Amino acid sequence: QVQLVESGGGLVQPGGSLRLSCVASGIIFRFSALGWYRQAPGKQRELVARITAAGSTNYADSVKGRFTISRDNAKNTVYLQMNSLRPEDTDVYYCNKWPAPIDSWGPGTQVTVSS
C-alpha cells in the first residue's frame, strides 16, 4: 500500500522560508520520479516542481529561482525548500509521483504566507 506523508508547512511572513518533507512508502522510491503539487480551495491542483530518479529537476515559472526540490533515497524522502515566499504561495502542498500521480494522495501540508 502506497503512503505519502507530507510535513513542514506552517504560517510564515512574506519573504520567509519553509522546508517541506514527504516520506513515501510502498513504492520503489529510488526509481520513482516525484513531484510537489499545490492546490488552493476551488482551484485545480498544479505541479510546482519535479525531480526524476536521476536527480534532474524542473519548476513552474511562478516558483523558479525561489524553490528547490531535492531527494534523499536512503530516507525515502523528497524535500521542497521554499524561499522568498509570497502570499500567492499560500496553498496545501502535496507530493506524489510524476508525471502520473497515484490516486492515493497524502493529507498534504498547509502553507500560509501572511503578515
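Observations
- Extreme residue, least open to solvent (accessible area, probe 1.4 Å), among residues of region 49-71 that are assigned to a strand (DSSP E or B) and touching a helix residue (DSSP H, G or I) at 6+ places or on another chain (Cβ under 9 Å): PHE67
- Within region 24-48, if we keep just the residues that are assigned to a loop (DSSP other than H, G, I, E, B) and farther than 15 Å from TRP98 by Cβ, the residue that is least open to solvent (accessible area, probe 1.4 Å) turns out to be ALA40.
- Residue within region 5-18 that is of a type in the set (Ser, Thr, Tyr), open to solvent by less than 30 Å² (accessible area, probe 1.4 Å) and either assigned to a strand (DSSP E or B) or modelled with pLDDT of 95 or more (or both) present: no
- Qualifying residues in region 96-115 (those that are open to solvent by less than 40 Å² (accessible area, probe 1.4 Å) and among the polar types (S, T, N, Q)) - the one nearest to SER7 (Cα to Cα): THR109
- Inter-residue pairs, beta-carbon under 7 Å, first within 17 Å of ARG50 (Cα to Cα) and touching a residue at least 24 places away in the same chain (Cβ under 8 Å) and in region 79-90, second among the small types (Gly, Ala, Ser) and not in a loop (DSSP other than H, G, I, E, B), 6+ apart: TYR79/SER21; TYR79/SER70; LEU80/ALA49
The values are calculated or read from the model by the stated rules, or taken from the named source; none is laboratory data. This is a predicted model, so every value here is computed, not measured. Glycine also receives a Cβ, built like all others from the backbone with ideal geometry; neighbour counts cover every protein chain displayed. Each accessible area value is taken on the protein alone, full model and side chains, heavy atoms only, with ligands, DNA and RNA left out. Shrake-Rupley method; radii C 1.70, N 1.55, O 1.52, S 1.80 Å.
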